[in-house]
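This report concerns only the one structure given below.
The values are calculated or read from the model by the stated rules, or taken from the named source; none is laboratory data. This one's a predicted model, so the numbers in the text were calculated from it and none came from an experiment. All Cβ positions, even for glycine, are placed from backbone atoms using ideal geometry, and neighbour counts span all protein chains on display.
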C-alpha cells in the first residue's frame, strides 16, 4: 500500500519542486533596477532626477534641481510644482521664491510672480535676483 502511495505522490512532489525553482529563476532573470545615487546625479538626466525626488520627496536640493531641469525643458507647470513643493518645505528660501516668480512670469501670472518677488525680497532683502525680478515687474526697489 505504501509503495502505491509513493508512486502517486512522487511525481506530484517533483512537479512542485520544479515549479518552485522556475519561480525563483524568473526573479533572477529580471534583476531589480540599478540603485541610483541621488547625491551624484548626471546632469540633464531628468528621469533619474524624477526617481530621486520620488524616493526623497522632502529633499529641497533635489526639488530645486528638478524645477531647474523642468525649466530647461520648458515644462513650466512641472517646474512650478517642484518649486511650490520646495517652498512648502522651506518658505524662507528666497532663491526658490525667485525661481517660482520667474516661472509664474513665464506662464503669464504677473500677480503671482510679483507676490513671489516681494516675498523673496522680504526674506533676502539684498538679493539681486529678487530685486531684479521686482524691477521687471514694476515693483521698484522696495
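Out of the helices (runs of 4 or more DSSP H) lying entirely within the range 63-142, which hold 2 or more residues that are out of contact with any helix residue (DSSP H, G or I) (no Cβ under 7 Å at 6 or more places or on another chain)? Walk me through it before giving the result.
Working: elements: 76-89, 94-106, 110-123, 128-136.
By residue number, 76-89, 110-123, 128-136.
Among the numbered conditions (1) free of Cβ contacts under 8 Å to residues at least 12 places away in the same chain; (2) under 22 Å from residue 59 (Cβ atoms); (3) surrounded by 14 or more Cβ atoms within 10 Å (Cβ to Cβ), tell me where residue 109 comes up short.
(2)
In this structure, is residue 88 within 21 Å of the chain's Cα centre (by Cα) and either within 14 Å of residue 65 (Cα to Cα) or surrounded by fewer than 23 Cβ atoms within 10 Å (Cβ to Cβ) (or both)?
yes
Could you tell me whether residue 49 is modelled with pLDDT under 95, assigned to a helix (DSSP H, G or I) and surrounded by 14 or more Cβ atoms within 10 Å (Cβ to Cβ)?
Yes: the conditions hold for residue 49.
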